[in-house]
Structures are given as C-alpha cells and as structure tokens.
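Sharing a structure below in structure tokens format, with a few things to ask.
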Amino acid sequence: MTKIKSLRELFLEELKDLYSAENQLIRALPKMAHATASNELKSAIEKHLEQTKNHASRLEQAFQELGHKPAQVTCKAMKGLIEEGEEVVQKAEKCAARDAGIIGAAQRVEHYEIAAYGTAQSHASELGYNRIEQLLQETLGEEKEANNKLNDIAKDSVNAEANQMA
C-alpha cells in the first residue's frame with residue numbers, strides 16, 4: 001500500500017470513501033424505508049434515496065474531472081453506522097419507537113456525511129478544484145437538509161408517539 005504524501009492523494013482517498021458510503025446507502029435506504037411505521041418518515045427516506053443516487057453521480061463527475069475512473073474503498077464508518085441501524089430495526093417492533101431509532105441511526109449517518117463532505121469540500125477548495133468544490137457543496141447542503149428533515153419529523157411527531165407507547 002502506497003502512503004499518502006499529498007493533499008491531492010488524500011483528497012482522492014476521501015472521494016473513494018464517500019463513493020463507497022453513498023453506494024452502501026443506496027442499498028440500505030430502501031430497507032430502512034420499508035421498516036418504518038411513519039409514512040412521513042418513509043417518504044423522507046425515499047426522497048433521500050433519490051438524492052443519494054445523485055450524490056454518487058456527482059462523485060462520479062468529480063472523478064471524471066480529476067481524470068480518474070470512479071473507485072471506492074470500503075467505508076468502514078458507513079458500514080458500521082448501517083449495521084447499527086439494522087440492529088435497531090431487528091430489536092424493535094414496527095412502531096413509533098422503531099421509527100425514533102431509525103431517525104437516530106439516520107442522523108448519525110447524516111452527521112458522518114456532513115463531516116466528510118465538509119472536509120472534502122475544504123480540500124477541493126485548497127486544491128483549486130472549483131467545479132468539484134461546487135459539486136461537494138451541493139451535496140453537503142442536501143445532507144444538512146436531510147438531517148434537518150429527520151430532526152423535524154422526530155420533534156413534530158415520532159418522539160411524542162414513541163413516548164406514549166407502553
């Protein structure tokens with residue numbers, strides 16, 4: 001394994017990690033949507049699935065801008081976050097309590113992505129990759145919106161419903 005010696009090499013590794021994360025989510029989000037009891041939460045997850053497909057496409061564009069084929073390394077963080085979300089689904093009945101757990105798991109995913117995209121965007125800026133920086137900024141904004149939507153669903157309905165359960 002070659003050691004990273006430059007910001008450009010680090011940036012490429014970050015893009016590979018993000019590409020893996022997005023592709024893992026493309027496989028995981030339909031399962032999470034199916035596991036929800038709340039139609040609002042299901043709809044939000046399904047909307048974010050479509051955005052996630054666009055995120056992967058933007059990363060493919062970034063690779064193309066850099067003259068590289070889209071590549072990925074296994075994003076171990078995302079793998080672990082998805083496994084934790086799957087545990088919640090397995091441990092809870094299909095009810096508001098499960099939905100609250102799914103929201104928590106999904107927000108942990110969003111927080112990871114917000115951090116990762118924020119870092120990658122900063123590195124793109126430093127490297128002078130203006131078009132890639134714009135692509136990453138667009139995705140970062142959508143990740144923040146998804147996190148806010150999950151927070152609103154939790155506060156507006158799911159947490160109170162889960163609290164009323166026996």
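The values are calculated or read from the model by the stated rules, or taken from the named source; none is laboratory data. Note that the structure is a prediction, hence the values are computed from the model and not measured. So basically every Cβ, Gly included, is an ideal-geometry build from the backbone, and we count neighbours across all protein chains shown.
So which residues in segment 122-141 are small (Gly, Ala, Ser) and surrounded by 13 or more Cβ atoms within 10 Å (Cβ to Cβ)? So that I can check it myself, show each step before the final result.
Of the residues in segment 122-141, the ones small (Gly, Ala, Ser) are 122, 124-125, 128, 141.
Ser122, Ala124, Ser125, listed by residue number.
Right, here's the next one. Does any residue of segment 148-159 turn out to be closer than 17 Å to Arg27 by Cα and either surrounded by 15 or more Cβ atoms within 10 Å (Cβ to Cβ) or modelled with pLDDT of 95 or more (or both)?
Checking segment 148-159: not a single residue is closer than 17 Å to Arg27 by Cα and either surrounded by 15 or more Cβ atoms within 10 Å (Cβ to Cβ) or modelled with pLDDT of 95 or more (or both).
If the requirement is being touching a Lys or Arg at 6+ places or on another chain (Cβ under 6 Å) and either free of Cβ contacts under 8 Å to residues at least 40 places away in the same chain or not polar (S, T, N, Q) (or both), which of these qualifies: Leu140, Leu150, Leu135?
Within the list Leu140, Leu150, Leu135, the selection yields Leu135.
Let me ask another. Starting from segment 84-97, keep only residues that are free of Cβ contacts under 8 Å to residues at least 40 places away in the same chain, then list their pairs with residues that are hydrophobic (A, V, I, L, M, F, W, C) whose Cβ atoms are within a distance under 7 Å, requiring at least 6 positions of separation or different chains.
Glu84/Ala105; Val88/Ile102; Val88/Ala105
May I ask you to list the residues in segment 83-123 that are more than 18 Å from Lys155 (Cα to Cα) and of a type in the set (A, V, I, L, M, F, W, C)?
Val88, Val89, Ala92, Val109, Ile114, Ala115, Ala116, Ala120, listed by residue number.
Taking helices (runs of 4 or more DSSP H) that fall entirely within segment 1-110, which contain at least 3 residues that are of a type outside the set (A, V, I, L, M, F, W, C), modelled with pLDDT of 95 or more and surrounded by 19 or more Cβ atoms within 10 Å (Cβ to Cβ)?
Counting at least 3 such residues, we get 7-35, 39-65.
Quick check on segment 117-140. Is at least one of its residues within 22 Å of Asn39 (Cα to Cα) and either at pLDDT below 95 or not hydroxyl-bearing (Ser, Thr, Tyr) (or both)?
Within segment 117-140 (the criterion being within 22 Å of Asn39 (Cα to Cα) and either at pLDDT below 95 or not hydroxyl-bearing (Ser, Thr, Tyr) (or both)), the answer is no, since none of the residues qualifies.
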